[in-house]
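Taking it in order: structure first as structure tokens, then the write-up.
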Amino acid sequence: MNTIYARICGSALALALSTSSALADATDYRFDLVSTDHQVGSGAILEVRLTDLRTGTPVEGAVIYATRMDMAPDGMATMTSPVTAMPSDVPGTYRFATDLTMAGGWRFSVAAKVQGEPETVSAEIELQAEP
Ligand SMILES: [Cu+2]
């Protein structure tokens, strides 16, 4: 099981609260971290699942266009690491490779375009790099 550190970006929630529309919006989607083993080192794999909360189904074919890894959870927001999208065999699951160059708390910022959803879906996911 994924215990953890995943949380949804507060700004996305605030944006949704400011709208009164009953239409689908970005809060109908959630990113969850599904990879659990994050060791310090190069080539670490992050795996996230994108779910449509209205149906509980995985969202395929989202275009991930912004990703950032930094150590903001440990007070090092300027310490970043490149993120590379990787192929995934599992529908609704998106994989990325990054270099966890230091043990401690990392933040993975991700934004996506979902088919039929005008709003950007974004999340900030925290994880621990184990020594
Ligand atoms: Cu650091």
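The values are calculated or read from the model by the stated rules, or taken from the named source; none is laboratory data. This is a predicted model, so every value here is computed, not measured. Glycine also receives a Cβ, built like all others from the backbone with ideal geometry; neighbour counts cover every protein chain displayed.
Numerical summary
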item	result
Those strands (runs of 3 or more DSSP E) lying entirely in the range 30-103 with at least 3 residues at pLDDT 95 or above and surrounded by 14 or more Cβ atoms within 10 Å (Cβ to Cβ)	41-52, 63-71, 76-81, 93-100
Residue match in the range 91-102 (condition: closer than 15 Å to Ala123 by Cα, within 16 Å of the ligand (Cβ to nearest atom) and of a type in the set (Asp, Glu))	no
Single unsatisfied condition, Trp106 versus (1) touching a Pro at 6+ places or on another chain (Cβ under 7 Å); (2) surrounded by fewer than 21 Cβ atoms within 10 Å (Cβ to Cβ)	(2)
Every residue from the range 55-75 that is within 16 Å of the ligand (Cβ to nearest atom) and in contact (Cβ under 8 Å) with a residue 12 or more places away in the chain	Arg68, Met69, Asp70, Met71, Ala72, Pro73, Asp74
Residue that is within 17 Å of Gln128 (Cα to Cα) and away from the ligand (no atom under 15 Å from the Cβ), where the choices are Ser35, Ser81	Ser35
